[in-house]
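Worksheet: one structure, shown below.
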Amino acid sequence: MREEFVVGDPGFTSTMRKWARDPKVLVSAAIVGTGLAWLAFGYFGVHLLFIDDRVDEAPPVFAEGALQSTAPTMVAPATTPPVLATTTPVHATAPAPADITPIESTAASTTTTTAATTSVQASPTPPSTQPAVATEFHGAFESRNHPTSGNALVLGNGTGQRFLRFESFETDNGPDLNVYLVNSAAGGVDDFVDLGNLKGNVGDQNYEIPPDVDLTIYDTVLIWCVRFSSPFGEATLVPA
């Protein structure tokens, strides 16, 4: 006959105390508790729902572009410095007039050469200017499986370098969140470009876009939870 216990019954209390003193029961309970804690915090990341990762990045800094205007610099032609004529020491007997180099002629030649050199100057070079940064695409975030808001901007300076910038951005926190550029025409998340981990679930942030990405094809910004294949929010990009 199987013995049954009821909560509050002295037999039940005695049995529970006996189990509590059993080392095997304690070890098993510790293993089960550790496993549940790992599932809750390590895998599901439930604690992240109550913690915000805030960022506040300044607008992106572009590298010097190839479209910077530079004017050629004029270099003055090399000139041969004037050679001063040497005179022969005067002897008791004066040399013939043809052997004497007139000093006045040499001085005049030197003055003429110096004036010609001075007249050739390098023209001033206009200062180089950085290409202007402009918004090429933009879109507003919409919620998918989690509340998401803010704006997505694609900034470029005409050199091919572009940045995806989030402004006034906010979504729920979670594990394994990445920023995708998705080809909406393909349907789902089968064709995408991964821009990396989400830097923070709240605040302004920048992500550089590879130069070969066609934003008329990869036209949707998606905050994607890789671990659970779940979309948090998205923004459709349209030309500015």
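Since every read-out is calculated from the coordinates, none of them should be taken as a lab result. Here the structure is a predicted model, which means the values were calculated and not measured. Counting neighbours? That spans all protein chains shown, and the Cβs are built from the backbone with ideal geometry, glycine included.
Structural remarks
- Contour minus Cα-Cα distance for ASP212 and ILE31 (0.36 nm per residue): 60.1 nm
- Spin-label model distance (nm) - ASP176 vs ALA140, 7 Å beyond Cα toward Cβ: 3.2 nm
- FRET efficiency for the ALA63 to ASN197 pair, using the beta carbon distance and R₀ = 25 Å, is estimated at 0.65.
- Taking 19 Å as the cut-off, the amide N atoms of region 142-156 that come nearer than this to a point 7 Å along the Cα-to-beta-carbon line of VAL189 belong to 142-150, 152.
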